[in-house]
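I have placed the structure first, in the form of structure tokens, so that the comments after it can refer back to it.
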Amino acid sequence: MRFIPVVLALLAFTALAGDLPLRPSARLLQSRPDGLEVGRCVVYQENGGGNGASDTEYFVRGRVLVTRIETRRLAACPLVPGRGIDQYSRAEFNRLALAQPCVSSDAAAYDVQLGIVRLRVEDWETPHARRAANAGRLYRGTYLDRELKKDMEIELEADLLGACAS
């Protein structure tokens, strides 16, 4: 009968080992923050178009429609050989941003849980300078490859959002 505790411990370890890793966004949603309740105002912000010389805040502000935790396979990032991200075209940058989060190679792929927030867009401010084309998700009236429009819906990981200022 001494083997029963060992078997129980092994079963507990196996159950834990089968759990998928949680990204910070999933842990945030599990903690049930008040700021991400349906109907709350949230904001996604980027600073200065990525050049470090500007204090301008670019943003998309909207209302939470739904939150969920989903399982996603993290696949290899679509990198452009021989070029740094600062040399990417807008299309190349968007392809990489849409794949996020991603890993360095197909061999490193694994499943993970993400906390996703769907929001309805109310307002935005985006950079227009050419140097901002590969600096963030916001550029010339677009969120990645989609033109921003009032009441459109976008999805982001929960930890990329903040509460709107009062």
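Computed from the coordinates by the stated procedures, all read-outs in this text should not be read as laboratory data. This one's a predicted model, so the numbers in the text were calculated from it and none came from an experiment. Cβ coordinates were reconstructed from backbone atoms using ideal geometry, including for glycine residues, and neighbour counts include every protein chain displayed.
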Which length gain, in nm to one decimal place, applies between Ser104 and Glu155 when the Cα-Cα distance is subtracted from 0.36 nm times their residue separation?
-> 16.0 nm
Please work out how much length the chain gains when fully extended from Glu122 to Asp145, using 0.36 nm per residue of separation minus the C-alpha to C-alpha distance, in nm with one decimal.
-> 6.5 nm
Interatomic Cα distance distribution for segment 22-165, bins of 10 angstrom, percent = 12, 37, 38, 14, 0
If you keep only loop residues by DSSP, which trypsin sites (Lys or Arg not before Pro) in segment 91-166 have at most 16 other Cβ atoms within 10 Å of their Cβ?
-> Arg140, Lys149, Lys150
Sequence-distant or interchain residues sharing an amide H contact under 5 Å with Tyr139, placed H: which?
-> Leu144
Assuming R0 = 35 Å, can you tell me the calculated FRET efficiency for the pair Arg68 and Ala129, based on Cβ-Cβ distance, to the nearest 0.05?
-> 0.50
With a cut-off of 17 Å, note down the residues of segment 97-113 whose backbone N falls inside the zone around a label point 7 Å from the Cα of Val80 toward its beta carbon.
-> 97-100
Which cross-chain or sequence-distant (5 or more) residues have an amide H under 5 Å from the amide H of Ile154, H modelled 1.01 Å from N in plane?
-> Leu119, Val121
At each listed q (0.14, 0.20 Å⁻¹), what is the log10 of I(q)/I(0) that the Debye formula gives for segment 19-106 modelled as equal alpha-carbon point scatterers?
-> -0.77, -1.17
